[in-house]
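Asker: One structure is given below, represented as C-alpha cells, and several questions about it will come after.
The values are calculated or read from the model by the stated rules, or taken from the named source; none is laboratory data. Since the model is a prediction, treat every value here as computed from it, not as a measurement. Here the Cβ is made from the backbone with ideal geometry for all residues, glycine too, and neighbour counts use every protein chain on show. When the accessible area is computed, the model is the full protein with side chains, heavy atoms only, and any ligands, DNA or RNA have been set aside. Shrake-Rupley method; radii C 1.70, N 1.55, O 1.52, S 1.80 Å.
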Amino acid sequence: MLDTDQLRSFLAIVDTGSFTRAAERVNKTQSAVSMHMKRLEDRLGGKALLEKQGRGVRLTDDGEKLIDYARRMLQVEAAALAAVAEKGLAGRLRLGIPDDYAEPFLPEILTRFVRRHPLVELAVICESSVKLAERMQSRDLDIAIVTDCARFAGVEVVREEPLRWVAGPRTCVHLERPLPLALSGPTCGWRQGALAALDGAHILWRLALVSANYAGIAPIVGAGLAVTVLPPSAMRAGQRALGPDDGLPGLPLCRIGLLESPSERSREALALAEEIRSTLAPHVAVRDEPECPARERQPA
C-alpha cells in the first residue's frame, strides 16, 4: 500500500513547484517532506519521481504517471472519512466572486478545495462586489470575494495591488482625446477611481463601453478601441499596462477581501475561506511600485 501522507507531500510539490512551499502547504518541515519523497520512491521500487532542474525540480516520466493515481487515492480517502468516520466535510457552499477575478483565481482556489474536500458541492456566482455584498446580507451566499473593500462592513482585506491603465497590445488609443474608456457601472470603485484621476489630471474622457461583466470589456480593449483599468493579477495575455510615460495619471490601490457570515459559519465555509486566503495572501500589501516604461507589459 502507498502511504497517503507521502502522496500528499508529493502532490504538494507538484502543485507548488517547491519543497519549501509544499512543506508549508502540508504543515510539515522541509526535511519531513524530503523524507516522504525518499520513502515513496523506495516503496515504488526505487523509481525517481522528481529530478533537479536548475534551482527547482521537475517530474520524471514515472512521476507523471503517479499524479492521477495519487489524486484519486486522496479523494477516496477523503470521501471515506466523510461517509464513514464523519471526519470529512460535506454539504453545499455558495461562493460569490467578481468576474474580473474569476479567471485568475478560481481555478487554483477550487482545485485545491475540491481535492481536499471532494464531497462538498460548490456553487459559484459571478457578480459585482455591490451585488455580492447584498447577497451576503440576504444570506444567499456563504462567502464572497469583493473589491472596493472600504464600502463594506466586516470585510477582511487579503490582497492589495495597484490599479493599472490597460490597453491592447498594439494600439495608441490612450493618446486619443477624449480618452475612450471601457468600464463597469457607476457604482464600481475602479471606475470611480479612474474618472477621478482623469479629472484631476484635466484629461478629457468619454465612455466608449459600459459593462458589468469583464467578458464584455475585454474584446473592445483587445481590439484597441478603448482603455480600461485592472490590477495586474486580472490582466490577460496580450494586454499591456500604461502609466505616466504614456500620459496617464496614477491610480489608487485595489483591495480584495472576504465577506463571511458573522454567525453560524460552517466548517465547510471556514475551510473555503482558508483556501482563498492561501491563494491570495502571499500578495498582500503590494505597495505602489514604479510604473512600467511606455508600451511595456506589466506582468500579472
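Asker: How many residues are without any contact (Cβ under 8 Å) to a residue 12 or more places away in the chain and either among the basic types (Lys, Arg) or part of a loop (DSSP other than H, G, I, E, B) (or both) if we restrict to region 1-22? Talk me through it step by step, then tell me what you get.
Answerer: Our first condition is that a residue be without any contact (Cβ under 8 Å) to a residue 12 or more places away in the chain; within region 1-22, this holds for 1, 16, 20-21.
When the remaining residues are screened for being either among the basic types (Lys, Arg) or part of a loop (DSSP other than H, G, I, E, B) (or both), the result is 1, 21.
Counting residues in region 1-22 that are without any contact (Cβ under 8 Å) to a residue 12 or more places away in the chain and either among the basic types (Lys, Arg) or part of a loop (DSSP other than H, G, I, E, B) (or both) gives 2.
Asker: Would you check if there is a residue in region 87-106 being among the β-branched types (Val, Ile, Thr), under 23 Å from residue 185 (Cα atoms) and open to solvent by less than 50 Å² (accessible area, probe 1.4 Å)? First the steps, then the outcome.
Answerer: Start the filter on region 87-106 by keeping residues that are among the β-branched types (Val, Ile, Thr), which leaves 97.
With the extra rule that they be under 23 Å from residue 185 (Cα atoms), the set shrinks to 97.
With open to solvent by less than 50 Å² (accessible area, probe 1.4 Å) added as a condition, the list becomes 97.
Scanning region 87-106, I find at least one residue that is among the β-branched types (Val, Ile, Thr), under 23 Å from residue 185 (Cα atoms) and open to solvent by less than 50 Å² (accessible area, probe 1.4 Å), so the answer is yes.
Asker: Which condition from (1) touching a strand residue (DSSP E or B) at 6+ places or on another chain (Cβ under 7 Å); (2) open to solvent by less than 50 Å² (accessible area, probe 1.4 Å) is the one that residue 51 breaks?
Answerer: (2)
Asker: Looking only at residues that are at pLDDT 85 or above and among the aliphatic types (A, V, I, L, M) in region 55-72, which one is least open to solvent (accessible area, probe 1.4 Å)?
Answerer: Only one residue tops the list, namely 70.
Asker: Next question, about the same structure. Across region 223-271, what is the number of residues that are in contact (Cβ under 8 Å) with a residue 24 or more places away in the chain, assigned to a helix (DSSP H, G or I) and either over 23 Å from residue 207 (Cβ atoms) or not acidic (Asp, Glu) (or both)?
Answerer: Matching residues across region 223-271 total 9.
Asker: Of all residues in region 108-150, which are among the charged types (D, E, K, R) and within 25 Å of residue 216 (Cα to Cα)? I'd like the intermediate steps shown before the answer.
Answerer: Keep residues of region 108-150 that are among the charged types (D, E, K, R), which gives 108, 112, 115-116, 121, 127, 131, 134-135, 139-140, 142, 148.
If the condition is that a residue be among the charged types (D, E, K, R) and within 25 Å of residue 216 (Cα to Cα), then 108, 127, 131, 134, 135, 148 are the ones that fit.
Asker: Of all the residues that make up region 1-16, how many are open to solvent by 40 Å² or more (accessible area, probe 1.4 Å) and not aliphatic (A, V, I, L, M)?
Answerer: 4
Asker: Mind checking which residues of region 163-197 are surrounded by fewer than 15 Cβ atoms within 10 Å (Cβ to Cβ) and in contact with a Phe, Trp or Tyr (Cβ under 7 Å, 6 or more places away or on another chain)?
Answerer: We begin by selecting, within region 163-197, every residue surrounded by fewer than 15 Cβ atoms within 10 Å (Cβ to Cβ); these are 169-170, 172, 175, 177-178, 185-187, 196.
Correct list: 178 only.
Asker: Taking residue 36 as meeting all but one of (1) surrounded by 16 or more Cβ atoms within 10 Å (Cβ to Cβ); (2) closer than 28 Å to residue 81 by Cβ; (3) within 28 Å of the chain's Cα centre (by Cα), write down the number of the exception.
Answerer: Result: residue 36 fails condition (3) only.
Asker: Shifting gears a bit: Can you find, within region 138-159, the residue that is nearest to the chain's Cα centre (by Cα) among those that are outside any loop (DSSP other than H, G, I, E, B), at pLDDT below 90 and of a type outside the set (Lys, Arg)?
Answerer: Taking the candidates together, the pick is 158.
Asker: With the requirement that a residue be under 23 Å from residue 253 (Cβ atoms) and not aliphatic (A, V, I, L, M), what does region 96-125 give you? Walk me through how you get there before you give the answer.
Answerer: So the first thing to find is which residues in region 96-125 are under 23 Å from residue 253 (Cβ atoms), and the list is 96-106, 108-109.
Correct list: 96, 98, 99, 100, 101, 103, 104, 105, 108.
Asker: Same structure again: Could you say whether any residue in region 115-133 is under 13 Å from residue 256 (Cα atoms), touching a Leu at 6+ places or on another chain (Cβ under 8 Å), of a type outside the set (Ser, Thr, Tyr) and assigned to a strand (DSSP E or B)?
Answerer: No, that holds for no residue.
Asker: List the residue pairs whose Cβ atoms are under 9 Å apart, where the first residue sits in region 26-45 and is within 15 Å of residue 4 (Cα to Cα), the second is surrounded by 15 or more Cβ atoms within 10 Å (Cβ to Cβ) and basic (Lys, Arg), and the two are 6 or more positions apart or on different chains.
Answerer: So the pair list comes out as 26/8; 36/8; 36/28; 41/47.
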